[in-house]
Amino acid sequence: MAEAPSETLAGKQAVLGALPDHPAVKALSSWNDPAFTDALFDRGELTLTVAPETICGAVAAVKNAGYNAFEDMTAVDWFPSEPRFQLSYHILSHQFKERIRLKTWVDSSDPAIESITSVWPGANYYEREVFDLFGIRFEGHPNLRRILMPDDWVGYPLRKDYPVEGYR
């Protein structure tokens, strides 16, 4: 792999132009003309934004390109902006000695996205945690239920519009 640039690259065209041989960029570019909608290379890490309906195909493409370890995933609530929820998937390649971040967005009107457990079974508990704390449903998840909060808990405590003292 070529030497990574030292400056920040913001935007899909800047990343495609400067990193055409990057394994993740190549994998997603050849997979779906390119499958990512935005990109950022900053401080030695690559973030590729993908459409929510392509998340399973995108994680499978980078897995096939040599990114062999799913590290974790999390969510951020950008209330009141829409789309409201940002999902970030962190994936590592031991071969390339680097990690990438795949990012996607989910609307608050229907907070749902396809589960990636068919590609990375290790995403199971991370998706359950995001479901439990943010209320984002993962379609096709093998066991989507609360993992941290009691089963009868009302609401999702990491949403920005959740009352500080809970619902009463």
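The values are calculated or read from the model by the stated rules, or taken from the named source; none is laboratory data. Remember, predicted model here, so these are calculated numbers, not experimental data. Here the Cβ positions follow ideal geometry from the backbone for every residue, glycine too, while neighbour counts run over all protein chains shown.
Key figures
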quantity: In segment 122-167, residue surrounded by the most Cβ atoms within 10 Å (Cβ to Cβ) [restricted to those that are acidic (Asp, Glu) and modelled with pLDDT under 95]; calculated: Asp161
quantity: Filtered residues of segment 19-53 (kept if free of Cβ contacts under 8 Å to residues at least 40 places away in the same chain and among the polar types (S, T, N, Q)); calculated: Ser29, Ser30, Asn32, Thr37
quantity: Identity of the residue in segment 34-50, β-branched (Val, Ile, Thr), surrounded by fewer than 20 Cβ atoms within 10 Å (Cβ to Cβ) and touching a Ser or Thr at 6+ places or on another chain (Cβ under 6 Å), that ends up farthest from Lys97 (Cα to Cα); calculated: Thr37
quantity: Among residues of segment 129-168, those that are free of Cβ contacts under 8 Å to residues at least 40 places away in the same chain, in a loop (DSSP other than H, G, I, E, B), within 24 Å of Ile116 (Cβ to Cβ) and of a type outside the set (Phe, Trp, Tyr), counted; calculated: 12
quantity: Those strands (runs of 3 or more DSSP E) lying entirely in segment 1-120 with at least 1 residues closer than 30 Å to Asn143 by Cβ and not aromatic (Phe, Trp, Tyr); calculated: 45-50, 69-77, 85-93, 98-106, 112-114
